[in-house]
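*Asks:* Can you read through this structure? Questions will come right after.
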Amino acid sequence: LLICETNADEAIGMVRFDVHAEQIIVGLSLATEFRGRSLGSVVLASGLQHLARTVREREVVAYIKPDNVASRKTFAAAGFELVATEEVHSQIAQRWVWRGNRPISHGSIHETSLSLPGSTTCDPLGTR
């Protein structure tokens, strides 16, 4: 879990990684007051950079509701590609797979801090 905050400790949002043997499922959530400012793309990109440095190679997947246009645009801009529509937890979701050009290196998730534009940081949960 990567938490993104302003320097005034306002929560902007989070990137969550559910790590499984064959894949990593990524989720993104922004605080309501920070939506519509293109911060989702910045937060997601920061999370993917962290992931690329800390987790061994696996498929990275996002499940997005078909009517969530903002999330679809955000994940597409980050290098995800729509590959299927399927049922997940009794709901229809689109399966997006990261086609990023940076391979995910070997290792495990550990402490790091990522800087975002506008005096914000993203830190793994429990590292501040």
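*Asks:* From the phi of every residue in the stretch 64-79, what ³J(HN,Hα) in whole Hz does the Karplus formula 6.51 cos²θ - 1.76 cosθ + 1.60 yield, where θ is phi - 60° and glycine or proline is x?
*Replies:* Values per residue, Gly and Pro as x: 10, 5, x, 8, 8, 4, 4, 5, 4, 5, 4, 5, 4, 5, 8, x Hz.
*Asks:* Can you figure out the FRET efficiency of Val19 with His89, using R₀ = 25 Å and their beta-carbon distance, to the nearest 0.05?
*Replies:* 0.85
*Asks:* Which of the trypsin sites (Lys or Arg not before Pro) found in the stretch 1-39 are loop residues per DSSP with 16 or fewer other Cβ atoms within 10 Å of their Cβ?
*Replies:* Of the trypsin sites (Lys or Arg not before Pro), the ones in loops of the stretch 1-39 whose Cβ has at most 16 other Cβ atoms within 10 Å are Arg35, Arg37.
*Asks:* If you don't mind, another one. Using only Cα atoms, locate the centre of the stretch 3-46 and the centre of the stretch 64-81, then give the distance between them in Å, rounded to an integer.
*Replies:* 14
*Asks:* Expressed as a whole percentage, what fraction of the accessible surface of the stretch 38-78 belongs to carbon and sulfur atoms when a 1.4 Å probe is rolled over the protein heavy atoms?
*Replies:* Carbon-and-sulfur percentage of accessible area, whole number: 47.
*Asks:* Is the stretch 1-86 best put as rounded, prolate or oblate by its Cα gyration tensor, with a ≥ b ≥ c the root eigenvalues, rounded for a/c under 1.5, and otherwise prolate when a/b is larger than b/c, oblate when not?
*Replies:* In terms of gyration-tensor shape, oblate.
*Asks:* For the stretch 1-93, what is the accessible area per residue in Å² when the probe is 1.4 Å?
*Replies:* Per residue, the stretch 1-93 has 54 Å² of solvent-accessible surface.
*Asks:* Of all GluC sites (Glu not before Pro) in the stretch 1-44, which ones are in loop regions per DSSP and have a Cβ with at most 13 other Cβ atoms within 10 Å?
*Replies:* Here the sparse-neighbourhood loop sites are Glu10, Glu22.
*Asks:* Sticking with this structure for a sec: As an exercise, use a Förster radius of 25 Å and the Cβ-Cβ distance of Asp9 and Ala52 to find the FRET efficiency, rounded to the nearest 0.05.
*Replies:* Computed FRET efficiency for Asp9 and Ala52 comes out at 0.40.
The values are calculated or read from the model by the stated rules, or taken from the named source; none is laboratory data. Note that the structure is a prediction, hence the values are computed from the model and not measured. Please note: Cβ atoms are built from the backbone with ideal geometry, for glycine as well, and neighbour counts cover all protein chains shown. Please note that ligands, DNA and RNA were not included when accessible areas were found on the heavy atoms of the full protein model with its side chains. Shrake-Rupley method; radii C 1.70, N 1.55, O 1.52, S 1.80 Å.
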